[in-house]
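Undergrad: So that we are looking at the same thing, I have put the structure below in structure tokens.
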Amino acid sequence: MILTSGLQKVFCAGLDITEFYNPNPDRLSKFWTTLQDTWLSLYTTSFPTVSVINGHSPAGGCLFAMSCDYRVMVGPNYTIGLNETKLGIVAPKWFQDTMVAVIGQRKAEVSLTTGKMYTTDEALQIGLIDESLPDANSALKKGTQFLNNFQKISPWAYKMTKDISRQPTVQWLIDNKQKDLDFVIKYMQSPTVQKNLELYLQSLKK
Ligand SMILES: CC/C=C\CC/C=C/CC(=O)SCCNC(=O)CCNC(=O)[C@H](O)C(C)(C)COP(=O)(O)OP(=O)(O)OC[C@H]1O[C@@H](n2cnc3c(N)ncnc32)[C@H](O)[C@@H]1OP(=O)(O)O
């Protein structure tokens, strides 16, 4: 499966920030549970996945890209990263663990604490993406080539290997779904967090 965008310059703008601003707890609860379930499904697919990142990919966009098996990004003008601290919020543990699995503890910690958005070249250098291509068509071709490797791999061997590799991160969320949700609901009701989100939303307005 290839995950890509039909938009001109945005792969995925991340989660809809307005869902976190002055949230209705019931609605936020459904929103966050859907996100947890969607991520669990994507991160544990029984078939190979590639993200063809053909535009900017902040926060939730980066999470979805990192959750695929391989990342091909169009360069040099787009950016990718977990920028939550720039919004004055924190990336949940399973977002952070997903990044650690891709680029390692040290690079992930620096990336997460600074909320850095990496250019395509920088992302390639730290291993956040696997390949950089100059345009969307060649990126799509590369992504397809990667998937073709699996014609010679046993689906069973593929799935077992991926399960072993991703198990700790997956199991943490399965075991802590309610705790994670309760934390998000409480966290998003903090006046400081709300103020930070208000300022960030204002900064996005042109
Ligand atoms: C314990 C912790 C609990 C919870 C953790 C919560 C985790 C959240 C993870 C997230 O994903 S937070 C979202 C982070 N996303 C961003 O920071 C992206 C911000 N947007 C941009 O940087 C840019 O919009 C863009 C590069 C994606 C696209 O740029 P451009 O094509 O120039 O579009 P505009 O900037 O003009 O945006 C159009 C329009 O859309 C609004 N908008 C953009 N992104 C979002 C978003 N993520 N959520 C809600 N709204 C968004 C933007 O304000 C514009 O609105 P207008 O009303 O001015 O049209």
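The values are calculated or read from the model by the stated rules, or taken from the named source; none is laboratory data. Predicted, not measured: the structure shown is a model, and the values here were computed from it. Quick reminder, even Gly has a Cβ in these numbers, built from the backbone with ideal geometry, and neighbours come from all protein chains shown. These area figures cover heavy atoms from the full protein model, side chains too; ligands, DNA and RNA do not enter into them. Shrake-Rupley method; radii C 1.70, N 1.55, O 1.52, S 1.80 Å.
Undergrad: Those residues that are hydroxyl-bearing (Ser, Thr, Tyr) and open to solvent by 80 Å² or more (accessible area, probe 1.4 Å), I need them from region 135-191; list them, please. Step through it out loud before you land on a result.
TA: Filtering region 135-191 for residues hydroxyl-bearing (Ser, Thr, Tyr) gives 138, 144, 154, 158, 161, 165, 169, 187, 190.
Within region 135-191, Thr161, Ser165 qualify.
Undergrad: Restricted to region 49-72, and to residues that are open to solvent by 10 Å² or more (accessible area, probe 1.4 Å) and near the ligand (Cβ under 8 Å from one of its atoms), which residue is farthest from the chain's Cα centre (by Cα)? Break it down stepwise before answering.
TA: Applying the first criterion (open to solvent by 10 Å² or more (accessible area, probe 1.4 Å)) to region 49-72 yields 54, 56, 58-59, 64, 69-71.
Remaining after also requiring near the ligand (Cβ under 8 Å from one of its atoms): 56, 58-59.
Numbers: His56: 12, Pro58: 8, Ala59: 6 Å.
Within region 49-72, the match that is farthest from the chain's Cα centre (by Cα) is His56.
Undergrad: Another question, then. What about Ile164, is it within 22 Å of Leu3 (Cβ to Cβ), aliphatic (A, V, I, L, M) and without any contact (Cβ under 8 Å) to a residue 40 or more places away in the chain? I'd like the intermediate steps shown before the answer.
TA: On the way: within 22 Å of Leu3 (Cβ to Cβ): no; aliphatic (A, V, I, L, M): yes; without any contact (Cβ under 8 Å) to a residue 40 or more places away in the chain: yes.
So Ile164 does not fit the description; no.
Undergrad: Out of region 73-95, which residues are part of a strand (DSSP E or B) and near the ligand (Cβ under 9 Å from one of its atoms)? Even if it seems obvious, please write down each step before you answer.
TA: The first filter runs over region 73-95 and keeps only residues part of a strand (DSSP E or B), leaving 73-74, 79-81.
Residue satisfying the conditions is Thr79 alone.
Undergrad: Then there's this: Open to solvent by 70 Å² or more (accessible area, probe 1.4 Å), of a type in the set (A, V, I, L, M) and under 26 Å from Ser46 (Cα atoms) - does that describe any residue in region 123-134?
TA: No, that holds for no residue.
Undergrad: If a residue has to be crowded, with 17+ Cβ neighbours inside 10 Å and under 24 Å from Ile129 (Cβ atoms) to count, how many in region 25-41 make the cut?
TA: The qualifying residues number 2.
Undergrad: Among the residues of region 73-99, which ones are small (Gly, Ala, Ser) and buried (at least 20 other Cβ atoms within 10 Å of the Cβ)?
TA: Within region 73-99, Gly81, Ala91 meet the criteria.
Yes/no per residue for (1) in contact (Cβ under 8 Å) with a residue 40 or more places away in the chain; (2) farther than 23 Å from His56 by Cβ; (3) within 15 Å of the ligand (Cβ to nearest atom):
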| position | (1), (2), (3) |
| --- | --- |
| Leu112 | no, no, yes |
| Gly115 | no, no, yes |
| Ser132 | yes, no, no |
| Lys141 | no, no, no |
| Ser190 | no, yes, yes |
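Undergrad: Specify the residue that is nearest to Lys93 (Cα to Cα); the eligible residues are those in region 31-48 that are in contact with a Ser or Thr (Cβ under 9 Å, 6 or more places away or on another chain) and within 15 Å of the ligand (Cβ to nearest atom).
TA: Going through the qualifying residues, I end up with Trp39.
Undergrad: Same structure again: When the residues of region 14-30 are filtered to those that are more than 10 Å from the ligand (Cβ to nearest atom) and part of a helix (DSSP H, G or I), which remaining residue is farthest from Pro191 (Cα to Cα)? Let's see the steps before the verdict.
TA: Step one: of region 14-30, the residues more than 10 Å from the ligand (Cβ to nearest atom) are 22-27, 29-30.
With part of a helix (DSSP H, G or I) added as a condition, the list becomes 25-27, 29-30.
Details: Pro25: 15, Asp26: 19, Arg27: 19, Ser29: 19, Lys30: 22 Å.
Applying the filter and picking the extreme gives Lys30.
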